[in-house]
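Have a look at the structure below, then the notes.
What follows is calculated from the coordinates using simple rules that are stated; it is not laboratory data. Fair warning: this is a prediction, and the values are worked out from it, not measured in the lab. Backbone-built Cβ (ideal geometry, glycine too); neighbour counts: all protein chains shown.
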Amino acid sequence: MTFVLSTEVARNGYSEYSKFCYPDNPPSSRSSHMVDYAQVSRRGQITLPAAVRKRLGIQTGDLLILEDRENEVAIKPAVVLEFETYSDEQIALWDAEDKLDVGEKQAILKALASEK
């Protein structure tokens, strides 16, 4: 029989191991979260079980966030957002191109005044 212990139990002693191991205490009796296991390879890699990947929508090539939480590691899907930065010169050019001439400005102000 194999027992799987949390790192906290492994570091602090096995006196309360029955709270963390199988078969006496299956995951459904400990929490509502899905529990699964992954083994670390020699290269430091783990394979996420298919059920976990499916539930979290993780696909090949996706980025993940690994959060160190004292005695555990949280793995969460990451979101990558692309954005551009613009120089002051580019912004000034757009402002100049978008500037209203006197006639356009008066027409807009007149239309706004008539709405009140």
Residue-span extension gain [I75 to L48] - 0.36 nm each, minus C-alpha spacing: 8.7 nm
Calculated FRET value between V40 and Q90, using beta carbons and R₀ = 41 Å, to 0.05: 0.30
3J(HN,Hα) from dihedral phi, the stretch 81-86, Karplus parametrisation 6.51/-1.76/1.60, rounded to Hz, x for glycine, proline: 10, 9, 8, 10, 10, 10
